[in-house]
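Worksheet for the structure shown next.
The values are calculated or read from the model by the stated rules, or taken from the named source; none is laboratory data. What you see is a predicted model; the values in this text were computed from it and never measured. When we count neighbours, we look across all protein chains shown, and the Cβ atoms used for this are built from the backbone with ideal geometry, even at glycine.
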Amino acid sequence: MSFLLGENMTGGYGSADILHDCTIGVEQGEIAVVVGPNGAGKSTAMKAIFGMLNLRQGRVTIDGEDITSLKPEERVLKGMGFVPQTANVFTSLSVEENLEMGAFIRRDDFSKTMEQVFDLFPILKEKRKQPAGELSGGQRQQVAVGRALMTEPKVLMLDEPTAGVSPIVMDELFDRIIEVARTGIAILMVEQNAKQALNIADKGYVLVQGENRFTDTGAALMANPEVRRAFLGG
Amino acid sequence: MTDILNALVILANFIVVPAMAYGSQLALGALGITMIYSILRFSNFAHGELMSFGAMTTILVTWALQSADISLGVLPTALLGIPVAIAVTVVLALTIDKTVYQYYRRIRAEPVTLLIVSIGVMFLISGLIRFIIGPGDRVFTDGQRFLLKARAFKQMTGLNEGLAIKMTQGITVATAIVLVVLVFWFLNKTRTGKSMRAYSDNEDLALLSGINPERVVLITWVITAALAAVAGTLYGLDKSYKPFTYLSLLLPIFSAAIVGGVGNPIGAIAGGFVIAFSELTITFAYKKVLTYLLPDDMAPDTLMQLLSTDYKIALSFVILVIVLIFKPTGLFSGKTI
């Protein structure tokens, strides 16, 4: 069983279900990527795992513990970190304050974690006093990821971390994400840039209309002609 | 040369000193409006009455102290009443929040609904005040009246015109500076203050970070009620306490908050002074000043007043409209309404 697992999830926002018996999991130190066409329920699946959506069926477990009924902020305490797709930084707060707010639930000294985040994203150390709203798109994403890392999560969930950034910045961000995974954190992310994302993925999930269509290692999905033709543009 | 100095002293005496005091009172009021707006996301029309309630409590305590023969010497006894007034006003604000606003937060009411609710709260508090202390005019200043007397100033400088600074004006400005420094220190340096700014900036992300919204709201009310109690007392000390004036004070205070950029604390303070200085410079009669400055044959016969003081309140409305036309986010870009 995976370290973080959303099992047989069925649910949606109103009465209509968006997810149908969808299963997504990730191991510690690995990167799992969820890809699929627009409206496939990728972001919805992330929200469901993080508790921002009520599930009608299925369950979510972390390290074997059932957390299906927990609120998002309670899941943070269980070691989950989430980077939303939009509005994922406090724009009027400085970079440093953003990181401090990321560590809000921690009562111990978090200066070491902040140093680690600055080591991972050196540019943030340089701009620590600047309001996050004044940074470029790529730098903002770094703040967002850094903020989520401040609780020292065991699982980091990223909803389209490379949305709206240039290809060079995207490669750079993916490199950083690999680095984070190497520290033993499980990474689950949704990506529009399916090819690049599957390249770095240990595990890939292709969702279509809220259902699992293909589930395999990243490399196997890249090699699968059907997946290539339908979802990766040949 | 002495003519110019005399003219400047008149301006200082009738515009700068009173506007500094009035501006401080408006700034403290606007700071409360802006805090509620940025955290609870509605325009709190009951803020004027909250100030009035604070002032009333101070008066009641002052009376009690005076009858017990306790005084502060040269300083007004009311200063001793302020801590009590803060405590009582905080309790009132929290009680209202728990019984009224909390319900509307839970059903996720629109800001405009909350605004209308706050008007109801305004009537409630104003009724309560009239029930307790009545609608009459109360003067509760005691101690020394002046920090600097006009005659002493004349003797000191040998000028014709005097400069007077009332004790209450000095206290008002000093208190405002202390409070503003405290509020800014709290918002920018403490963990709780930062979490309030974070909550105001991005509610969803604040929740994800484990910031407890009810705690943020509670602290916001504590700070707002404290500011309101002090601002109300200072205004009452400086002028006199009449419950009805706090309703008309609502307009300049809201103007100050919006002119500065609503949701922006620095803007609220700047806005307070902008409104105060414009009200006084535009309604001041410049006859005497011009008599000093112009050659004798050009001395004006009329009062040389741009606008009668009766229109003082309307003036803050005019400034508000001008700012909204040319810079809708306010002088220090706040949030757009």
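Within the range B:184-208, restricting attention to residues that are in contact (Cβ under 8 Å) with a residue 12 or more places away in the chain and surrounded by 21 or more Cβ atoms within 10 Å (Cβ to Cβ), which residue is farthest from the other protein chains (Cβ to nearest Cβ)?
B:Met196
Considering each residue of the range A:99-114, count those that are of a type in the set (Asp, Glu) and either more than 7 Å from chain B (Cβ to nearest Cβ) or under 26 Å from A:Thr68 (Cα atoms) (or both), and give that number.
2
Of all residues in the range B:215-249, count the ones that are in contact (Cβ under 8 Å) with a residue 60 or more places away in the chain and either over 23 Å from B:Gly23 (Cα atoms) or within 14 Å of chain A (Cβ to nearest Cβ) (or both).
So the count comes out to 3.
Do the conditions hold for A:Asp109, that is, is it assigned to a helix (DSSP H, G or I) and at pLDDT 90 or above?
Details: assigned to a helix (DSSP H, G or I): no; at pLDDT 90 or above: yes.
The answer is no for A:Asp109.
Results for (1) on the phi < 0 side of the Ramachandran plot; (2) touching a Phe, Trp or Tyr at 6+ places or on another chain (Cβ under 7 Å); (3) touching a residue at least 60 places away in the same chain (Cβ under 8 Å), shown as yes or no for each residue.
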{"site": "A:Met9", "(1), (2), (3)": "yes, no, no"}
{"site": "A:Ser15", "(1), (2), (3)": "yes, no, no"}
{"site": "A:Thr61", "(1), (2), (3)": "yes, no, yes"}
{"site": "A:Gly79", "(1), (2), (3)": "no, no, yes"}
{"site": "A:Gln85", "(1), (2), (3)": "yes, no, yes"}
{"site": "A:Ser94", "(1), (2), (3)": "yes, no, no"}
{"site": "A:Phe104", "(1), (2), (3)": "yes, no, no"}
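Could you give every pair whose Cβ atoms fall below 6 Å, whose first residue belongs to the range B:80-107 and is farther than 15 Å from B:Val217 by Cα, and whose second residue is among the aromatic types (Phe, Trp, Tyr), counting only separations of at least 6 or pairs across chains?
B:Thr89/B:Phe53
Assess whether B:Ile319 counts as being under 30 Å from B:Ile132 (Cα atoms) and β-branched (Val, Ile, Thr). Break it down into steps so the answer makes sense when it comes.
On the way: under 30 Å from B:Ile132 (Cα atoms): no; β-branched (Val, Ile, Thr): yes.
Judged against the criteria, B:Ile319 is not a match.
Within the range B:318-328, is there a residue that is under 25 Å from B:Val180 (Cα atoms), surrounded by 14 or more Cβ atoms within 10 Å (Cβ to Cβ) and either touching a Leu at 6+ places or on another chain (Cβ under 9 Å) or not hydrophobic (A, V, I, L, M, F, W, C) (or both)?
Looking for residues that are under 25 Å from B:Val180 (Cα atoms), surrounded by 14 or more Cβ atoms within 10 Å (Cβ to Cβ) and either touching a Leu at 6+ places or on another chain (Cβ under 9 Å) or not hydrophobic (A, V, I, L, M, F, W, C) (or both), one finds at least one in the range B:318-328, hence yes.
Can you pull out the residues in the range A:12-40 that are touching a strand residue (DSSP E or B) at 6+ places or on another chain (Cβ under 7 Å) and modelled with pLDDT under 90?
Of everything in the range A:12-40, those that are touching a strand residue (DSSP E or B) at 6+ places or on another chain (Cβ under 7 Å) and modelled with pLDDT under 90 turn out to be A:Gly12, A:Asp17, A:Gly36, A:Pro37, A:Ala40.
Given the options B:Leu40, B:Leu80, B:Leu94, name the one that is touching a Ser or Thr at 6+ places or on another chain (Cβ under 8 Å) and farther than 25 Å from B:Lys239 by Cβ. Please lay out each step first, then the result.
Working: B:Leu80 fails: farther than 25 Å from B:Lys239 by Cβ; B:Leu94 fails: touching a Ser or Thr at 6+ places or on another chain (Cβ under 8 Å).
It is B:Leu40.
Here are some conditions: (1) surrounded by 18 or more Cβ atoms within 10 Å (Cβ to Cβ); (2) within 26 Å of A:Leu232 (Cα to Cα); (3) not small (Gly, Ala, Ser). A:Leu55 meets all but one. Which one does it not meet?
Looking at each condition in turn, A:Leu55 falls short on (2).
So for the range B:29-50 (the condition being assigned to a helix (DSSP H, G or I), touching a strand residue (DSSP E or B) at 6+ places or on another chain (Cβ under 6 Å), surrounded by fewer than 24 Cβ atoms within 10 Å (Cβ to Cβ) and in contact (Cβ under 8 Å) with a residue 60 or more places away in the chain), does at least one residue qualify?
no
Could you list, in sequence order, all residues of the range A:88-98 that are surrounded by fewer than 24 Cβ atoms within 10 Å (Cβ to Cβ) and either more than 9 Å from chain B (Cβ to nearest Cβ) or modelled with pLDDT under 90 (or both)?
A:Ser94, A:Glu96, listed by residue number.
Looking at the range A:49-75, which of its residues are away from chain B (no Cβ under 14 Å) and either farther than 26 Å from A:Ile178 by Cβ or at pLDDT below 90 (or both)?
At the first step, the residues of the range A:49-75 found to be away from chain B (no Cβ under 14 Å) are A:54-69.
Matches in the range A:49-75: A:Asn54, A:Leu55, A:Arg56, A:Gln57, A:Gly58, A:Arg59, A:Gly64, A:Glu65, A:Asp66, A:Ile67, A:Thr68, A:Ser69.
Is it the case, given these coordinates, that B:Val222 is surrounded by fewer than 20 Cβ atoms within 10 Å (Cβ to Cβ), in contact with a helix residue (DSSP H, G or I) (Cβ under 6 Å, 6 or more places away or on another chain) and not in a loop (DSSP other than H, G, I, E, B)? Show your work before the answer.
Working: surrounded by fewer than 20 Cβ atoms within 10 Å (Cβ to Cβ): yes; in contact with a helix residue (DSSP H, G or I) (Cβ under 6 Å, 6 or more places away or on another chain): yes; not in a loop (DSSP other than H, G, I, E, B): yes.
It is true that B:Val222 is surrounded by fewer than 20 Cβ atoms within 10 Å (Cβ to Cβ), in contact with a helix residue (DSSP H, G or I) (Cβ under 6 Å, 6 or more places away or on another chain) and not in a loop (DSSP other than H, G, I, E, B).
Taking the range B:138-173 as the search range and keeping residues that are part of a loop (DSSP other than H, G, I, E, B) and within 19 Å of the chain's Cα centre (by Cα), which one is farthest from B:Val289 (Cα to Cα)?
Just the residues of the range B:138-173 that are part of a loop (DSSP other than H, G, I, E, B), to begin with: B:139-145, B:149, B:158-164.
Within this subset, residues satisfying the condition of being within 19 Å of the chain's Cα centre (by Cα) are B:139-141.
On the way: B:Val139: 32, B:Phe140: 33, B:Thr141: 31 Å.
Ranking the qualifying residues of the range B:138-173, first place goes to B:Phe140.
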